[in-house]
Amino acid sequence: MQRLLVLGGNGYVGQNICRAALDSGKFSVVASLSRSGRPSNPGPCLANSNMLDKVDWLEGDIFDSQRRDEAFEGVGVVVSTIGAFGSNDFMEKVCGDATVEAVDTAVKHNVSRFGFVSSAQVGGSMKFSPSFPLYGYFKGKQKAEEAIQEAFPNAHAILRPGFVFGPRNVGSVGPLPLHLIG
């Protein structure tokens, strides 16, 4: 059995991946690396069960190479669910550069498989103009996909779902209805 590391496991998609990994029984450890570590407002997939305590919640910035090295130690499988919205530069950095850095660290630590949650709009021959809404988001996801395919040509899985939404707790504001944004 291998150790699984979910990047961005504190978010809606990441929490669901942690839950599915625990349910599968295929991993000796399910860990999550995110800026905030353990979710303060876990989603229903973890909050309504004892699963929250079964994940090794690691706090750290994906752009901190020392923290990445610590988190990737002994890991066999990585799944990146990192994503964010904001300016184009910010989205390209978070949705792309963060996973590219993780791919480099995964190679360094002999990770055997790499998974990535991308976007249905990425891939194929679709090209985006910088004036396209969310250009940085899609450009970042494309950059991450290319790095994964190059580093793990026969040992990767890239999922390209449509807009993924679920309740996202935002501080004292409460749940943000992501389905209205998507």
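Return the residues of region 151-166 that are part of a loop (DSSP other than H, G, I, E, B), aliphatic (A, V, I, L, M) and modelled with pLDDT of 90 or more; say none if nothing qualifies.
ALA155
Test of understanding: among GLY115, GLY8, GLY43, which residue is under 13 Å from the mean Cα position of the chain (by Cα), more than 16 Å from HIS156 (Cα to Cα) and buried (at least 19 other Cβ atoms within 10 Å of the Cβ)?
Exactly one residue qualifies, and that residue is GLY8.
Quick one: VAL75 ticks every box in (1) in a loop (DSSP other than H, G, I, E, B); (2) open to solvent by 10 Å² or more (accessible area, probe 1.4 Å); (3) in contact (Cβ under 8 Å) with a residue 40 or more places away in the chain bar one, so which box is it?
Exception for VAL75: condition (2).
I need every pair where a residue in region 54-72 that is in contact (Cβ under 8 Å) with a residue 60 or more places away in the chain has its Cβ under 6 Å from the Cβ of a residue that is assigned to a helix (DSSP H, G or I), sequence separation at least 6 or different chains.
PHE72/THR105
Among the residues of region 13-40 satisfying the criterion of being open to solvent by less than 20 Å² (accessible area, probe 1.4 Å) and either more than 16 Å from GLY115 (Cα to Cα) or not hydrophobic (A, V, I, L, M, F, W, C) (or both), which is modelled with the lowest pLDDT?
For region 13-40, the residue satisfying everything is PRO39.
For (1) open to solvent by 20 Å² or more (accessible area, probe 1.4 Å); (2) farther than 20 Å from PHE163 by Cβ; (3) among the hydrophobic types (A, V, I, L, M, F, W, C); (4) at pLDDT 90 or above, each residue gets a yes or a no:
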| site | (1), (2), (3), (4) |
| --- | --- |
| GLY86 | yes, no, no, yes |
| PHE90 | yes, no, yes, yes |
| CYS95 | no, no, yes, yes |
| VAL107 | yes, yes, yes, yes |
| ASN110 | yes, yes, no, yes |
| MET126 | yes, no, yes, no |
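The values are calculated or read from the model by the stated rules, or taken from the named source; none is laboratory data. Note that the structure is a prediction, hence the values are computed from the model and not measured. So basically every Cβ, Gly included, is an ideal-geometry build from the backbone, and we count neighbours across all protein chains shown. The protein model used for the area step is the full one, side chains on, heavy atoms only, and it has no ligands, DNA or RNA in it. Shrake-Rupley method; radii C 1.70, N 1.55, O 1.52, S 1.80 Å.
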